[in-house]
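Single-structure report; data block below.
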Amino acid sequence: MKNYLKHFLFGFIIMFGVILFFFSTELIYFNTSELLNSYMDIYKPFLMALVTIVFLYLTYLFYSRSKIKNVIVISCLAAPYYLMMVVLTLTSFNIPRMPDLFYMTIGLYLIFTEFKPKPNFISGKYALLVFCVTLFFIYPIIYKNLEFKFLKGSTNKTRTLGKFDMSFKNRKGEVFKTSDFSGKTVCIDMWSSSCGGCIQSMPDFEKLNKHYKNNPDFKIISLFCPKKPNQTFDWFLTYIKDEFPYDIDYYYINPEEFKKLGVYKFPEFLLINKQNSLEYKGIIQYMPYVKDNIYTQLNSINETQ
């Protein structure tokens, strides 16, 4: 019993080691590098994959040095961190942690089989290494798809669809309504100057704009939404000119018109069909490996009209 208790305490060392790794890398990745900050949404899934790999490595390290090697020992080593992940899965309002638990379980099984007296066909000292390398590249795809599904599902509960119209103006001061683009599939990216994610995704939005720019069936709009009294139309023109050298059609919505929309979080996308009805309102992903990304959604809306 004392031996198992000792390994359970080692499990707490593993747990704190993983937590220390996560917070130390997150500190670097969020606070000390502008380069990393501008791509943090891309790096985050890889960081989460590394967290699982660090857990498996530390577990392997302690298990390989244990005199007793059985299911109970490896369970004691994994229990503290595993239980913490289960609690996070049950209580988190953000991204479900089920993939982490799934990969942790597979990795633990590979560690256990490597030290069995009679190894099976998937055991061997390179099995865990191959698994971890594969995990590092596959995990971001699964993470991003689950993240989008979760966030999209939460916006679906609150969205109001149907006939839709609002007015805004371009940089020349010309006023338009969404109904002016009837016959086109319209994408409106609503953003503000305080939304870091909106600003970092400008290069992706520029690619989107270039992709559909010469297609008469689509209209791509980047709509600046003022959240402060000083963010007037003239302020907007100066801000865009100084900060955003992108090939994007920028528009400005008046504060009074913006308040009517009831949008409080950014980025917020509006996808409008050719009959000027709102088809989708909420978050969108650009990555091609994310199912139902912005390109597939726009093409689907356009083809069904």
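The values are calculated or read from the model by the stated rules, or taken from the named source; none is laboratory data. All figures in this text were calculated on a predicted structure; none of them were measured in a lab. Positions of Cβ are backbone-derived with ideal geometry, glycine not excepted, and every protein chain shown enters the neighbour counts.
Just to check your reading of the model, which residue among I240, I294 is of a type outside the set (F, W, Y) and farther than 21 Å from K184 by Cβ?
After applying the criteria, what remains is I240.
Within the group F16, F12, F55, F8, which residue is crowded, with 18+ Cβ neighbours inside 10 Å and at pLDDT 90 or above?
F55
Can you confirm whether F236 is outside the structural domain of Y43 (by TED's automatic domain parsing), of a type in the set (F, W, Y) and either under 26 Å from Q297 (Cβ atoms) or in contact with an Asp or Glu (Cβ under 7 Å, 6 or more places away or on another chain) (or both)?
no
Looking only at residues that are at pLDDT below 80 and within 20 Å of L135 (Cα to Cα) in region 19-52, which one is nearest to the chain's Cα centre (by Cα)?
D41
Return the residues of region 180-206 that are over 17 Å from the mean Cα position of the chain (by Cα) and surrounded by fewer than 15 Cβ atoms within 10 Å (Cβ to Cβ); say none if nothing qualifies.
Within region 180-206, D180, S182, G183, S194 meet the criteria.
Against the definition (free of Cβ contacts under 8 Å to residues at least 40 places away in the same chain, in the same structural domain as L278 (by TED's automatic domain parsing) and within 19 Å of N299 (Cβ to Cβ)), how does P216 come out, yes or no?
yes
Only residues in region 169-189 that are assigned to a helix (DSSP H, G or I) count as the first member; pair them with residues that are surrounded by 15 or more Cβ atoms within 10 Å (Cβ to Cβ), Cβ under 7 angstrom, at least 6 apart or cross-chain, and list the lot.
T178/F164; T178/M166; T178/V186; T178/I272; T178/N276; S179/N276; F181/K219
Residue check: is T296 surrounded by fewer than 18 Cβ atoms within 10 Å (Cβ to Cβ) and within 24 Å of the chain's Cα centre (by Cα)?
It is true that T296 is surrounded by fewer than 18 Cβ atoms within 10 Å (Cβ to Cβ) and within 24 Å of the chain's Cα centre (by Cα).
Quick one: in region 88-111, of everything that is surrounded by fewer than 18 Cβ atoms within 10 Å (Cβ to Cβ) and over 16 Å from V51 (Cβ atoms), which residue is modelled with the lowest pLDDT?
Taking the candidates together, the pick is F93.
Inside region 194-221, can you point out the residues that are outside any helix (DSSP H, G or I), modelled with pLDDT under 90 and out of contact with any helix residue (DSSP H, G or I) (no Cβ under 9 Å at 6 or more places or on another chain)?
Of everything in region 194-221, those that are outside any helix (DSSP H, G or I), modelled with pLDDT under 90 and out of contact with any helix residue (DSSP H, G or I) (no Cβ under 9 Å at 6 or more places or on another chain) turn out to be S194, C195, K213, N214.
Please state which one of S192, S179, S222 is more than 20 Å from I301 (Cβ to Cβ) and of a type in the set (S, T, Y).
Just a single option satisfies the conditions, and that option is S192.
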